[in-house]
1. Within 13 Å of Tyr441 (Cβ to Cβ), in contact with a Pro (Cβ under 8 Å, 6 or more places away or on another chain) and open to solvent by less than 10 Å² (accessible area, probe 1.4 Å) - does that describe any residue in segment 330-343?
2. Being at pLDDT 85 or above and open to solvent by 20 Å² or more (accessible area, probe 1.4 Å) is the filter; apply it to segment 254-292 and report the residue that is nearest to Thr482 (Cα to Cα).
3. Do we have Ile530 as in a loop (DSSP other than H, G, I, E, B), buried (at least 22 other Cβ atoms within 10 Å of the Cβ) and either on the phi < 0 side of the Ramachandran plot or not assigned by the TED database to the domain that holds Ser593 (or both) here?
4. Over 19 Å from Val498 (Cβ atoms) and open to solvent by 70 Å² or more (accessible area, probe 1.4 Å): which single residue out of Glu354, Glu377, Glu458 fits that description?
5. State which residue pairs qualify: first residue touching a residue at least 12 places away in the same chain (Cβ under 8 Å) and inside segment 312-333, second residue among the basic types (Lys, Arg) and assigned to a helix (DSSP H, G or I) in any location, beta carbons under 6 Å apart, and separation of 6 or more residues or different chains.
6. How many residues does segment 433-448 hold that are part of a helix (DSSP H, G or I) and not aliphatic (A, V, I, L, M)?
7. Can you tell me which residue among Pro430, Pro467, Pro426 is closer than 25 Å to Trp550 by Cα and in contact with a Lys or Arg (Cβ under 6 Å, 6 or more places away or on another chain)?
8. Six or more apart or on different chains, Cβ under 6 Å: which pairs go from a residue in segment 164-182 that's among the acidic types (Asp, Glu) to one that's open to solvent by less than 40 Å² (accessible area, probe 1.4 Å)? Could you list them?
Amino acid sequence: MSAPGDYDWSTARGWEMPTSKQLHLTAFMRPVSLHTGAWRYPGSYPDANFNLAHLKSFIQKLEAAKFDAFFMADHLAVLNMPTEALKRSHTTTSFEPFTLLSALSQVTERIGLAATASTTYDEPYHIARRFASLDHLSNGRAAWNIVTTGNPESSKNFGQDEHMQHNDRYKRAREFYDVVTGLWDSFADDAFVRDQESGTYLDPDKMHVLNHSGDELKVRGPLNIGRPVQGWPELKLEHVGLVHGGGIGKSLADEEAKGGVVTMEASSEQLVNCLRLVVSSAENTIWSVYHTANTTGNGTAEIDGSSVYRIASNTKIFTAMAILQQHAQGKINLDSPITQYVPDLASSGHSQIEWNRISVRSLMSQFGGLQDNYAQEDLLAVGGASALGLPPVSDATAESLPACELNSTLICTPAGLLDNLATSLPVFPPHQQSSYSNAGYDLLGLAIENVTGKAYEEYVTCNILKPLGLNATTFVAPSRTTGAIPAGENQWGANLGVGNAAGGIYSSSNDMTRFLRYILNNYNNISPTINWFSPLTYSTGSHNFFGAPWEIFRTTAILTETNRPVTILTKGGGLDGYYSYSLVIPDYNLVVSILLAGDLGGLDPLLGVINTPLIQAVQALAQNDLKQSYAGNYAATNLNSSIILAQTPSQSLHVTSWISNGTDVLVPLTEFVAIQAGQGSDIYYQLIPTFETRYKSQQVGEVWRFINVLDTPAETNTTSDIWNDYCVANFDPISYGGKPLTEVVFWKDGGVVKDVELSAFRVVMAKK
């Protein structure tokens, strides 16, 4: 049994003790070693770079040792280095990767074969054809390391006097990626019939002509080789790791990027801060970048994942989790007034704030109408009043401010907070308008203390930090040797006192990434009746909402080929010298942590790398998975019943043909739905996963629903068209014989879709 106020992690839904993980090993070859002097090592083979017998022996030993992949770097010019270094290096020349890996594919069976190929000085048709060939020769073991070429010497080998500029290289690379993957889809998996009796070798209906015409490239297609064994060969980014289907395929790394620092629009050399950025899935880190400022404030000499920052208002995520834990135990009712848990608020009869109308939930979602801070914000303390033309104030007015406002050596206390709020005016009446308030989270910290009988810091440490193994996360400044401490004015070591619940935590990127992963995996289970990612109030922007404490952004501008919105949960926070930013993108199972110490000038380029390119790349991965796993023709064995599911970037997985016992379902269904929903007939039927699962025999059933989508752009030009963007989802509008008409179950065997069941139609159809 847990102690009073403790959160019982052993019974929390979704919580599992850490399990062992499998280590994946890739040999980084060129084609023998990256060390420039490796050829001189005693017992080595000086001619190994050009000795196929040695290379065969090396890769066979790697395969026997269970390595996952043999990765071959490449350059398109002799490396630009001093002559004295050039004459000693064996890395200046090597085999062309495709030729070598094709040969090595014939003497190996399992190890992956990753080749570097540049998007700058090659054509997508060549790249697509070479990798498709290697994938067939190796029976599905090819991988593409996508790079742009950063070495300016390369241009002179391709008839160009000037090297392509950074932005131009990346613009071409993103389009290049789309063309190559499109060419790999030139033929369906079953396009080659090879029927000797009929003389039919190829089914032309299963050949797709790309007809790409973009800003950088014009390629008709189709590719003159069958679809690769893997569909798409594995795609890899320099210094990122293998990412199936593209993963982060549009945030392409420069060929010259080293040490995990990926070149951005603003290179790390331009940054004057210490930063750490991590992009992660729900299980693993996908990509990270770091930078150590040239001038620091006597902190750590080198930034890494364990370096500690002040995370400021990202502390509110921990506070909100503590409140949800207490709600799950029945100790806090989110809709009860805050006065039930902080009764001292009600003791001041002359307060103009309607405390009995402000609930715990409204404080969590910035809907209480309270002031932002109770201290540490007044211009009398922080300076700058005269620059704004503000008049002087009397000594009595200054003395009326909280004691910790004007004297930074004093710690802001709960008593001071309550005294200040007793005489404060509301910003808005409760529930009238959302407005950011740190003071609201200060009160939530007091509520946790009063309910649990523990100091807020003690409760969070014992019930969140320790159970999750967040060992670098504290409320007290750790040793400066681990700190990311900027030069100049900063709040390293400052004690926020009662403000700890709003912004007092220190943490590392390793810990924040682990914490965000836990949240992504458990947001619907921390309290059994709460979805932690749901918006609770509107913000002032048309695409912005407040959660608890999430600042939620929802936009249709990222996915250019569809009107589907992307939801990004964010939480930002700042103290003098520090800024932290957390993003959770649940639709794509991604989290991002940015910790920054120093000048904020590098933040915008970082966000530019993350948001649109990252989401577009993962969207492409997800859509390819839909195409490979779910799209196709399904037909019943003994009935004239069939359904064709297709995937396109604009409509995702949708129905293109549907016959039930000889009846064309789509025509009458569209008319019925259009009348029922008050829409026109310009609709299509998109399939949406419900995340419900069923089981029978050896098969696992994924339950999906289809929904009618109005095939009309959201952007409108006339007043009468504004309702085209109005959509209220109903995934269960009709049933037949007690079974939902819109329910579709994909039955999988060994992770592969074998059948689709249409529940209301009482039919199971096999995938052709």
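The values are calculated or read from the model by the stated rules, or taken from the named source; none is laboratory data. This is a predicted model, so every value here is computed, not measured. Cβ: placed from backbone, ideal geometry, glycine included. Neighbour counts: every protein chain shown. Keep in mind that these areas ignore ligands, DNA and RNA; they rest on the heavy atoms of the full protein, side chains included. Shrake-Rupley method; radii C 1.70, N 1.55, O 1.52, S 1.80 Å.
1. No; the residues of segment 330-343 include none that is within 13 Å of Tyr441 (Cβ to Cβ), in contact with a Pro (Cβ under 8 Å, 6 or more places away or on another chain) and open to solvent by less than 10 Å² (accessible area, probe 1.4 Å).
2. Arg276
3. Values: in a loop (DSSP other than H, G, I, E, B): yes; buried (at least 22 other Cβ atoms within 10 Å of the Cβ): no; either on the phi < 0 side of the Ramachandran plot or not assigned by the TED database to the domain that holds Ser593 (or both): yes.
So Ile530 does not fit the description; no.
4. Numbers: Glu377 fails: over 19 Å from Val498 (Cβ atoms); Glu458 fails: over 19 Å from Val498 (Cβ atoms).
Just a single option satisfies the conditions, and that option is Glu354.
5. Sorted first by the residue in segment 312-333, then by its partner, the list stays empty.
6. First pass over segment 433-448, keeping only residues part of a helix (DSSP H, G or I): 438-448.
Within this subset, residues satisfying the condition of being not aliphatic (A, V, I, L, M) are 438, 440-442, 445.
Count: 5.
7. Testing whether each residue is closer than 25 Å to Trp550 by Cα and in contact with a Lys or Arg (Cβ under 6 Å, 6 or more places away or on another chain) leaves just Pro430.
8. Cβ pairs passing all conditions: Glu175/Gly214; Glu175/Leu217.
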